[in-house]
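For reference, the structure is listed below as structure tokens.
The values are calculated or read from the model by the stated rules, or taken from the named source; none is laboratory data. In this text, all values refer to a predicted model and were calculated from it rather than measured experimentally. Every residue, glycine among them, receives a Cβ derived from its backbone with ideal geometry; neighbour counts consider all protein chains shown. Please note that ligands, DNA and RNA were not included when accessible areas were found on the heavy atoms of the full protein model with its side chains. Shrake-Rupley method; radii C 1.70, N 1.55, O 1.52, S 1.80 Å.
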Amino acid sequence: MKKYNIAVVGATGMVGRTFLKVLEEVNLPVENYYLMASARSAGSKVTFMGKEYVIEELTENSFDKDIDIALFSAGGSTSEKFAPIAASKGVVVIDNSSAWRMDPEVPLVVPEVNPEDIAWNKGIIANPNCSTIQAMVPLKALHDKYKIKRVVYSTYQAVSGAGMGGYMDLENGLKGEAPKKFNHPIANNCLPQIDVFLDNGYTKEEMKMVNETRKILHDDDMKITATTVRVPVFDCHSESINVEFYNDFDLDELKKVLADMEGLVVQDDIANAVYPMAVNAKGKNEVFVGRIRRDESVESGVNLWVVADNIRKGAATNAVQIAQKLIEMNENK
Ligand code: A2P
């Protein structure tokens, strides 16, 4: 079996450090790892896989060596500039930023949902937005079975989605300090703004959920609307998802469809107050679904409560799973 050389770009960041944790947990056939970040942290040392690694500065020459796969999480502008350079040198980039997600030449992949799209990559594969990824796992199972007509997303998103700055704003805000990252206090508050506002009055985060869902589920006609909200929770995004179907369903059968979906765990025992919660999803790679109930206001619809660790399944885990599938596909060629 071929051994692969893997680069991690943005290895010192919040998602980058979780890339390293997840890579330590899975068993990829790897020859060498290269850990890269900006000039600011070049030369600093990181212990990874029981070895000490020196962080290299990301430059235009970083991919001149023999690298097969690069996991990028170093912001949109870094990806915009460096992903095409890496791809031109034969590297397959798995990019966590939003820079390439809606490019028609770039597959947007959740491995349990549309692994087939990995095959047509031209050197860049995009990792979807964190709030989109966790919604895709249950929705794919339901779309295949009952065909989704419309989705209403309402999210309750953790501050870790805004990086270290988001974390610090909540931590310091709880001590009464003014926010630095967000434009309002997040402590004891809910902010109905994630990312910037667009001309249609939606935020960019909301339109990411709309557009990425259509791309991943390969259905440009699906009706989707979203309200995304930052809440004073450190880790894990929670989402209320209201779904309307073209076809009828039986609720017990629908629950079974969800239980059978790869990567999805049903936690739904209301008699015992069991449902997905952020505190339980932290550090997990799966997506959790509960509060599964018929939407009695429409002919065929259901309400779901979906929770996942936004830095794991919403970012690092999903990217590493794409790398795993890519390697599997190469081996089976
Ligand atoms: P550095 O630590 O050297 O600044 P976060 O999202 O948690 O803020 O992390 C961002 C990650 O992206 C960090 O690893 C950061 O490295 C890296 N990064 C930011 N800008 C660049 C750049 N221009 N080139 C390479 N890495 C970058």
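The set of residues in the range 39-53 that are within 11 Å of the ligand (Cβ to nearest atom) and surrounded by 14 or more Cβ atoms within 10 Å (Cβ to Cβ) comprises SER41, ALA42, VAL46.
Within the range 54-104, if we keep just the residues that are hydroxyl-bearing (Ser, Thr, Tyr) and open to solvent by 40 Å² or more (accessible area, probe 1.4 Å), the residue that is nearest to VAL26 (Cα to Cα) turns out to be SER98. Please verify whether ALA135 is open to solvent by less than 10 Å² (accessible area, probe 1.4 Å) and hydrophobic (A, V, I, L, M, F, W, C), treating the condition exactly as stated. Yes; evaluated as a whole, the condition is true for this residue.
Answer yes if at least one residue in the range 14-26 is under 22 Å from LYS122 (Cα atoms) and not small (Gly, Ala, Ser), and no otherwise. Reasoning before the result, please.
So in the range 14-26, the residues under 22 Å from LYS122 (Cα atoms) come out as none.
No, every residue in the range 14-26 fails to be under 22 Å from LYS122 (Cα atoms) and not small (Gly, Ala, Ser).
A Cβ distance below 6 Å, combined with a sequence gap of six or more or placement on separate chains, defines the contacts here; from the range 199-227, residues that are under 16 Å from ARG101 (Cβ atoms) reach residues that are of a type in the set (Asp, Glu) and in a helix (DSSP H, G or I) in the pairs ALA226/GLU206.
The lone criterion from (1) within 9 Å of the ligand (Cβ to nearest atom); (2) part of a strand (DSSP E or B) left unmet by ASN5 is number (1).
Which one is nearest to the chain's Cα centre (by Cα), of the residues in the range 8-38 that are assigned to a loop (DSSP other than H, G, I, E, B) and more than 7 Å from the ligand (Cβ to nearest atom)? Full working, then the answer.
Taking the range 8-38 as the starting set, the residues that turn out to be assigned to a loop (DSSP other than H, G, I, E, B) are 10-13, 26-29, 38.
Now restrict to residues that are more than 7 Å from the ligand (Cβ to nearest atom): 26-29.
Values: VAL26: 18, ASN27: 21, LEU28: 20, PRO29: 24 Å.
Applying the filter and picking the extreme gives VAL26.
All conditions but one from (1) within 11 Å of the ligand (Cβ to nearest atom); (2) in contact (Cβ under 8 Å) with a residue 12 or more places away in the chain apply to MET136; the one that does not is (1).
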